[in-house]
Each structure stands twice: as C-alpha cells, then as structure tokens.
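The values are calculated or read from the model by the stated rules, or taken from the named source; none is laboratory data. Small disclaimer: the values here were computed from a predicted structure and weren't measured. Note that we place each Cβ from the backbone using ideal geometry, even for glycine, and neighbour counts take in every protein chain shown.
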Amino acid sequence: MKTWLEIAYFAGFDWARDHHDVVIVDRQGKIVEQFRLDHSQEGWGQWRKKTASFAPLAVAIETSFGGVVDQLLRGEATVYPVNPKSAQRYRDRKVPSGSKTDFLDAWSLADALRIDGHGWKALVPTDPLTSQLQILCRDEVHLIGQRTLFVNQLQQALLEYYPAAMEAFEDWTMASTWEFIIEFPTPRALVKAGKRRWEKFLHVHKLWRTETAEKRMGIFARADQFSSSAALTAAKSVLAVSLAKMLRTLQQQLDVYHAQIEALFAQHPDHDLFGSLPGAGSFLAPRLLSEIGGGPDRFESAQHLQAIAGTAPVSYQSGQIDKVRIRHHCDKFLRYTVHLWSDCSRKKCLWAQVYYQKKREEGKSHACALRCLGQRWLKIIWKMLQTHVPYDPELHAKNQQLHGSWVLSLQTKTVQ
C-alpha cells in the first residue's frame, strides 16, 4: 500500500459478473486509459499489463469483499471501497442528466477518488487465516439460511397433508424430525407401523421422555383420522421426503463447516480474546473474530468499529430538528452477528442484562436495546484488541467502579 501523497494515478473500477470497466485518470483529472477486461485469467493478465505503467495506482470500487477485490489486492494497487449510495451521488455530480453507463460509473469513481480520496480509508488486506475464517463463517450463515428455507417448506407441506407430525414435534430443525418423515412418510404408513416401531424410533433418536411419550403415542395412533385426500397425500409426501433428505445432507455439510471453523479459530492468535467473550460460544466467537480480529490497527478507534458494525446511530440536525436514526449503511453481516451475540451476552453477564433492562425501561424496543448493548460491547472489544488482553469480568467491574458507572449502581441493586 502507498500513502496518499505517493499515488500518481486513480482508477475507477466498475465491476460486473463477467466483465469489468476501468477508467484511469492522472492528478489533473485527465483520462489516460480506459478499457474493458473479462473476468478471466486473460482478463486479469490484461489488467496487470495495462496498469503496469500507471504506478503508484489507487483503485475505487463499489465493494469491499469478493473475488474481484481479492484479485485487486494481489497486485500493487491501493484499493478504496466506496459505498454504492456514495458512488451514485458521485455519478450524479458528474452527469446531472441522469445518464448511466459502465464508462460513466468508472469515470465518476476515478475522479471522486482523485478529489476526495485523501479522506477515504484504504482497504487493508487481512491475513490469510482471518480471511479464510471470514469466508467460511459467511458461507456457513448462508447455508443456515438455506436450511431455514427448507424447514419452512417442509412444515408447509406437512400442514397440508400430515398435521399429526406437526402436532407431535415442535422443533423441525432437529435431524430426528427429518428422519421421522423419511421413515413414516404418510399418516397411513405411521399408523400401519405400529406401537413397537414408534417406541423404537423414539428410543433410537433419543426422543423418549416420560412426560411426552404417552402424548406422542396417542398422536401416532390417530394420525390417519384427520388427513388429506389420497392424491394430495401421495404428492406432498414425495415433496416432504425430498426436503427431509436434502436437510439431512445439508446438515452434514454444516457439520463439516463448523468443524473447519472451530479448527481455524483454535489456530488464530486472537482465539483467547474472542473466546473469553460471555455468551459468544463456538458459533458467534469465530464470526466476531473473522469480522473484527486480525490486528489492532484494523479499526482506527472504537467509534470507527461501532460505525462499521451499525450500532452507532446516524445524527440528523437541521435548524430546530435534531434526531437520530438507525445506521443502514454498515457491514450487515457484522451487525447481524453483534445483534445475536448481544442477546446471548445478557444471559451470561449480569451487567449486560442490567444495561439491557434499563434501556427497555426507557421505552426502547428489544432490537434498539440490543444495539445499545452492542455499542457498549464493541468499545470493550476494541480496547481488548489494543491491549491484547482477554475479557475479565473482575477487571471490567473495577473499571466501572473507577469511573462511577451508572450500570454498576443498578447492578448492585439487582444483586441485593
């Protein structure tokens, strides 16, 4: 990476799925090169060849993640990510008529970088271990979303032809419920199987509970008394079994993902930092590390981290109007992760629960109270990254006492 004063040329990179448009300008704003390259080995070879004579080079692009950014970071260029909304405003500034082409997008980005880039933050490449962990965590969440989609489709199919199954089991994210549909695909097949097979299934899948076994047996026995037509049952049972088998396969792959994530998390130098966070556990701690960890210089300040994570509100002041609103332009994956972890932390950490409850009493919604709690947690995490010291509840309590925190006084009343 080069410093801003060292950069002599500025490129706007308008990326697409199969091709990319590039415009390069000099310090006076004159276009010195423009070309289109394919997203292929030959295309990126063309990129390196054409930009070799324009070094040092800075590149503005409307993303901060993905294969295109990975290719750019491999070269000599300094990469500056631009928010898509800001990119649209820069294009409107260059072309007020509203005209839009790939060339105009690239040109407006290049000139915006030349004029305003001194105040932008260059994209800092993360180490390979953190990058791999980040990609795995994000892909795992996408697969979990796919699992949720299949579960919803399965439940809808069962509501139409197999209400007894929906009555017998509540949690359809459990693998045992999918196996139930595979083994007993229709109400008639369930009743025909008989009591011994029902008992065997519940014992094999560790579902036998004294308080629920008798109720489930009763549901199984009358499963065919309220069912759909033969045609609907025959058709929907095929869909249900197909979804159950896909869910079983998808869960096996999710287990593989989680095992790899745990292995990488254990190898990471920041493992102890994020592993000490209350409520993070084996799922959220690696996600937090992959998005926040990787070195103390990744975020300039706690406020910078809070803005990226979307917990810091956006202020709007004009004349007599002075209000704040939720920050929409942020790292959505990090905001989602911090939201989940904040909710988990209040169940493991007393001061977090007290802080959350206070915000609720002030009239804030559940989501808003969790954002406030996440805002406070991110300040703690940023300090942990600077000192490389794991979270210590006793040390945090001492700091609260030292600074006279109102949270500590509420916490003391709660304990009493």
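Would you point out the residue of region 239-260, among those that are without any contact (Cβ under 8 Å) to a residue 12 or more places away in the chain and among the β-branched types (Val, Ile, Thr), that is nearest to THR148 (Cα to Cα)?
Step one: of region 239-260, the residues without any contact (Cβ under 8 Å) to a residue 12 or more places away in the chain are 242, 249, 252, 255-256, 259.
Still in the list and also among the β-branched types (Val, Ile, Thr): 249, 256.
Values: THR249: 14, VAL256: 18 Å.
Selected residue: THR249.
Right, GLN134: part of a helix (DSSP H, G or I), without any contact (Cβ under 8 Å) to a residue 60 or more places away in the chain and surrounded by 13 or more Cβ atoms within 10 Å (Cβ to Cβ) or not? Lay out the reasoning, then the answer.
Details: part of a helix (DSSP H, G or I): yes; without any contact (Cβ under 8 Å) to a residue 60 or more places away in the chain: no; surrounded by 13 or more Cβ atoms within 10 Å (Cβ to Cβ): yes.
Spelling it out, it is not the case that GLN134 is part of a helix (DSSP H, G or I), without any contact (Cβ under 8 Å) to a residue 60 or more places away in the chain and surrounded by 13 or more Cβ atoms within 10 Å (Cβ to Cβ).
Considering every residue within region 235-253, establish whether at least one is outside the structural domain of LEU340 (by TED's automatic domain parsing) and within 24 Å of SER131 (Cβ to Cβ). First the steps, then the outcome.
As a first pass, look at region 235-253 and keep what is outside the structural domain of LEU340 (by TED's automatic domain parsing): 235-253.
With the extra rule that they be within 24 Å of SER131 (Cβ to Cβ), the set shrinks to 253.
Yes, some residue in region 235-253 is outside the structural domain of LEU340 (by TED's automatic domain parsing) and within 24 Å of SER131 (Cβ to Cβ).
Got a number for residues in region 207-251 being farther than 19 Å from PRO187 by Cβ and β-branched (Val, Ile, Thr)?
3
I'd like the residue in region 271-284 that is surrounded by fewer than 22 Cβ atoms within 10 Å (Cβ to Cβ) and touching a Leu at 6+ places or on another chain (Cβ under 8 Å) and, out of all such residues, is nearest to HIS396 (Cα to Cα). First the steps, then the outcome.
At the first step, the residues of region 271-284 found to be surrounded by fewer than 22 Cβ atoms within 10 Å (Cβ to Cβ) are 271-272, 275-276, 278-279, 281-284.
With touching a Leu at 6+ places or on another chain (Cβ under 8 Å) added as a condition, the list becomes 271, 284.
On the way: HIS271: 20, LEU284: 21 Å.
Restricting to residues being surrounded by fewer than 22 Cβ atoms within 10 Å (Cβ to Cβ) and touching a Leu at 6+ places or on another chain (Cβ under 8 Å), the top hit is HIS271.
What about ALA263, is it without any contact (Cβ under 8 Å) to a residue 24 or more places away in the chain, under 30 Å from PRO390 (Cβ atoms) and among the small types (Gly, Ala, Ser)?
Numbers: without any contact (Cβ under 8 Å) to a residue 24 or more places away in the chain: yes; under 30 Å from PRO390 (Cβ atoms): yes; among the small types (Gly, Ala, Ser): yes.
Taking the combined requirement at face value, the residue satisfies it.
Within region 4-63, count every residue that is in contact with a helix residue (DSSP H, G or I) (Cβ under 9 Å, 6 or more places away or on another chain), polar (S, T, N, Q) and crowded, with 20+ Cβ neighbours inside 10 Å.
Result for region 4-63: 0.
Looking for something small (Gly, Ala, Ser), under 27 Å from GLY293 (Cβ atoms), surrounded by fewer than 15 Cβ atoms within 10 Å (Cβ to Cβ) and within 30 Å of the chain's Cα centre (by Cα) - is there at least one such residue anywhere in region 168-185?
Just the residues of region 168-185 that are small (Gly, Ala, Ser), to begin with: 168, 175-176.
From what's left, under 27 Å from GLY293 (Cβ atoms): none.
No, because not a single residue in region 168-185 is small (Gly, Ala, Ser), under 27 Å from GLY293 (Cβ atoms), surrounded by fewer than 15 Cβ atoms within 10 Å (Cβ to Cβ) and within 30 Å of the chain's Cα centre (by Cα).
Could you check region 156-252 for helices (runs of 4 or more DSSP H) lying wholly inside it with 1 or more residues that are modelled with pLDDT under 90?
Details: elements: 163-168, 175-183, 187-193, 195-204, 210-221.
Counting at least 1 such residues, we get 210-221.
Table: residues versus (1) among the basic types (Lys, Arg); (2) out of contact with any Leu (no Cβ under 9 Å at 6 or more places or on another chain).
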{"residue": "LEU334", "(1), (2)": "no, no"}
{"residue": "VAL338", "(1), (2)": "no, no"}
{"residue": "TRP341", "(1), (2)": "no, no"}
{"residue": "VAL354", "(1), (2)": "no, no"}
{"residue": "LYS358", "(1), (2)": "yes, no"}
{"residue": "GLY363", "(1), (2)": "no, yes"}
{"residue": "ALA367", "(1), (2)": "no, yes"}
{"residue": "ARG371", "(1), (2)": "yes, yes"}
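In the set ALA60, ALA77, ALA87, which member is of a type in the set (Gly, Ala, Ser), touching a Phe, Trp or Tyr at 6+ places or on another chain (Cβ under 7 Å), closer than 23 Å to ASP18 by Cα and touching a residue at least 24 places away in the same chain (Cβ under 8 Å)? So that I can check it myself, show each step before the final result.
Values: ALA77 fails: touching a Phe, Trp or Tyr at 6+ places or on another chain (Cβ under 7 Å); ALA87 fails: touching a Phe, Trp or Tyr at 6+ places or on another chain (Cβ under 7 Å).
Only one candidate passes the filter, namely ALA60.
Looking only at region 119-166, which residues are within 24 Å of LYS332 (Cα to Cα) and among the polar types (S, T, N, Q)?
Matches in region 119-166: THR126, THR130, SER131, GLN132, GLN134, GLN146, THR148, ASN152.
Checking the conditions here, which among LEU158, LEU104, LEU154, LEU123 is within 30 Å of SER86 (Cβ to Cβ) and either surrounded by 19 or more Cβ atoms within 10 Å (Cβ to Cβ) or in contact with a Phe, Trp or Tyr (Cβ under 6 Å, 6 or more places away or on another chain) (or both)? Full working, then the answer.
Details: LEU158 fails: within 30 Å of SER86 (Cβ to Cβ); LEU104 fails: either surrounded by 19 or more Cβ atoms within 10 Å (Cβ to Cβ) or in contact with a Phe, Trp or Tyr (Cβ under 6 Å, 6 or more places away or on another chain) (or both); LEU154 fails: within 30 Å of SER86 (Cβ to Cβ).
Checking each option against the conditions leaves just LEU123.
Can you find a residue in region 175-185 that is assigned by TED's automatic domain parsing to the domain that holds ALA240, in contact with a Ser or Thr (Cβ under 8 Å, 6 or more places away or on another chain) and closer than 11 Å to ALA240 by Cα?
Of all residues in region 175-185, those assigned by TED's automatic domain parsing to the domain that holds ALA240 come to 175-185.
Pick out the ones that are also in contact with a Ser or Thr (Cβ under 8 Å, 6 or more places away or on another chain) and you get 185.
Narrowing the set further to residues that are closer than 11 Å to ALA240 by Cα leaves 185.
Within region 175-185, one or more residues are assigned by TED's automatic domain parsing to the domain that holds ALA240, in contact with a Ser or Thr (Cβ under 8 Å, 6 or more places away or on another chain) and closer than 11 Å to ALA240 by Cα.
Quick one: which residue in ASP21, ASP38, ASP92 is over 26 Å from the mean Cα position of the chain (by Cα) and touching a residue at least 24 places away in the same chain (Cβ under 8 Å)? Walk me through it before giving the result.
Numbers: ASP38 fails: touching a residue at least 24 places away in the same chain (Cβ under 8 Å); ASP92 fails: touching a residue at least 24 places away in the same chain (Cβ under 8 Å).
Result: ASP21 is the single residue among ASP21, ASP38, ASP92 that is over 26 Å from the mean Cα position of the chain (by Cα) and touching a residue at least 24 places away in the same chain (Cβ under 8 Å).
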